[in-house]
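Presented below is the structure to which this report refers.
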Amino acid sequence: MSSDATVRVEDRVLKLTNLEKVLYPGFGFTKGEVIDYYTRIAPVLLPHLKDRPVTLKRFPNGVDGKWFFEKNAPEHRPEWVRTMRLESPGSSKGNETVNYVMVDELATLVWLANLAALELHVPQWTVGPRGGKRDPDLLVFDLDPGVPATVVECCRVAERVRMVLDDDGVDSWAKTSGNKGMQVYAYAPAKDTSEYAKAVAQRLAQEHPALIVSTMAKAQRTGKVFIDWSQNNPAKTTVAPYSLRARERPAVSAPVTWDEVEDCEVVEDLVFTADEVLERVGSAGDLFGS
């Protein structure tokens with residue numbers, strides 16, 4: 001593969017650069033391979049990005065180099081990249097805005113991959129065609145293990161979250177974070193998803209104090225799993241399903257079945273690289289939301 005290339009993506013023309021640049025040094029995974037992954041995963045990824053303003057986490061010099069979050073769409077972008085100007089998260093006066101990228105076509109996804117936007121983060125709400133913020137449509141519990149706890153303990157907590165949601169008549173599904181934890185999702189069962197999630201987290205922390213905490217204090221997390229209910233704050237984002245993560249290996253935030261959650265006994269049971277996720281989607285389709 002040459003270092004640069006001009007390609008046609010559907011009806012768009014893009015110039016791709018530095019395709020041989022290694023972004024995951026430990027695995028020799030190049031920018032060209034990042035672009036290839038996002039191109040091939042697009043059919044199942046794009047529906048989960050639709051109408052959600054995307055926050056980018058860019059690693060221009062690879063996962064070992066300096067990185068930065070980017071909410072405002074890069075100024076030097078193709079004219080066809082759709083953006084949406086919204087009130088800045090946390091703005092108290094409503095006069096601060098962010099011009100977000102809206103990823104609603106393959107070409108935009110490829111363009112972002114070429115910018116080394118390895119991670120894509122989205123809120124639990126969508127926007128309408130004229131920029132109106134809708135109520136949250138998703139509920140998320142972000143399960144964060146405190147050393148020496150791992151994703152294995154997260155699975156045990158996820159099962160308990162699922163039981164509570166089942167009792168409330170709410171279907172749920174899970175994905176790995178692509179890092180050390182995982183997330184449990186459901187369609188929003190209440191208008192105030194943050195309060196609902198907080199109540200569930202606090203209840204489970206009271207019922208299983210040796211395993212679960214529901215407060216942010218890191219000193220309390222050792223060997224336990226923190227149920228981060230605050231991810232439902234409209235100002236916060238969570239890594240999107242099928243997004244790469246900027247870890248040593250090109251791991252993915254991968255949707256998993258409840259059987260896989262129940263069967264998880266070691267960390268490697270729930271670690272999936274880009275190639276493995278493409279194989280999973282090829283055989284099982286999109287597991288997120290099902």
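Along the chain, the longest continuous region that contains none of the GluC sites (Glu not before Pro) in a DSSP loop with at most 16 other C-beta atoms within 10 Å is 97-247. Need the C-alpha centroid separation for the range 246-289 versus the range 126-181, integer Å. Their Cα centres are 15 Å away from one another. Extension gain for E279-Q206 works out to 22.3 nm (0.36 nm per residue, less the C-alpha to C-alpha distance).
Atom-type composition of the exposed protein surface of the chain places 48 percent of the accessible area on carbon and sulfur (1.4 angstrom probe).
Short-range pairs are left out: with C-alpha atoms under 8 Å and at least six residues apart, the relative contact order of the range 130-181 is 40 percent.
Ligands, DNA and RNA aside, C154 has an accessible area near 0 Å² when probed at 1.4 Å. Sparse packing (at most 14 other Cβ atoms within 10 Å of the Cβ) combined with a DSSP loop state is found for the following chymotrypsin sites (Phe, Trp or Tyr not before Pro) in the range 45-80: W80. Of all complete DSSP H helices in the chain, those with a Cα span along the helix axis of 20 Å or greater and a mean Kyte-Doolittle hydropathy of 0.0 or more are 31-49, 151-167.
Per residue, the average separation of C-alpha pairs within less than 8 Å and at least 6 apart gives the range 120-271 a relative contact order of 32 percent.
For F29, nonlocal amide neighbours, meaning residues 5 or more places apart or on other chains whose placed amide H falls under 5 Å from its own, are L23, Y24.
Calculated [222 nm] ellipticity per residue, helices only, for the chain: -8500 deg cm²/dmol; basis is -39500 (n - 2.57) per DSSP H run with n ≥ 4, divided by all residues, nearest 500.
Remark: the chain carries 46 Å² of accessible area per residue (probe radius 1.4 Å; ligands, DNA and RNA excluded).
Note on the chain: dipole from Cβ charges, positive end direction compared against A197, W258, C154; the farthest Cα belongs to A197.
Applying a 4.7 Å cutoff between beta carbons, the unpaired cysteines of the chain are C154.
Among T97, T150, the sequence by solvent-accessible area, most first, with a 1.4 Å probe is T97, T150.
Projecting the Cα atoms of I41, L23, A107 onto the charge dipole of the range 5-123, computed from C-beta unit charges around the Cα centre, puts L23 farthest toward the positive end.
The simple spin-label model puts a point 7 Å past each Cα toward its Cβ; for R77 and D259 those points are separated by 4.1 nm. Counting only Cβ charges, +1 for Lys and Arg and -1 for Asp and Glu, the dipole size of the chain around its Cα centre is about 1180 debye.
Applying the criteria of a DSSP loop state and at most 13 other Cβ atoms within 10 Å to the chymotrypsin sites (Phe, Trp or Tyr not before Pro) of the range 222-290 yields no site.
Each of the trypsin sites (Lys or Arg not before Pro) that DSSP puts in a loop and that has at most 13 other Cβ atoms within 10 Å breaks the chain; the longest unbroken stretch is 192-290. Rounded to the nearest 20, the Cβ-based charge dipole of the range 17-97 about its Cα centre (Lys and Arg +1, Asp and Glu -1) stands at 160 debye. Among DSSP beta bridges lying fully in the chain, give the percent that are antiparallel, nearest 5. So the antiparallel bridges amount to about 95 percent of the total. Which FRET efficiency value, to the nearest 0.05, do you get for T215 and T6 by plugging their Cβ-Cβ distance into 1/(1 + (r/R0)^6) with R0 = 51 Å? The pair T215/T6 has a calculated efficiency of 0.45. For D269, project a label point 7 Å along Cα to C-beta. Then give me every residue of the range 125-151 with its amide nitrogen under 19 Å of that point. Answer for this model: 143-151. Mean sequence separation of contacting Cα pairs (under 8 Å, at least six apart), scaled by the length of the range 5-123, corresponds to a relative contact order of 32 percent. Here the range 150-253 is treated with +1 on each Lys and Arg Cβ and -1 on each Asp and Glu Cβ, and its dipole about the Cα centre works out to around 540 debye.
The values are calculated or read from the model by the stated rules, or taken from the named source; none is laboratory data. Since the model is a prediction, treat every value here as computed from it, not as a measurement. Positions of Cβ are generated from backbone atoms using ideal geometry, with glycine treated the same way; all protein chains shown enter the neighbour counts. Accessible surface is based on the protein model in full, side chains and every heavy atom, while ligands, DNA and RNA are left aside. Shrake-Rupley method; radii C 1.70, N 1.55, O 1.52, S 1.80 Å.
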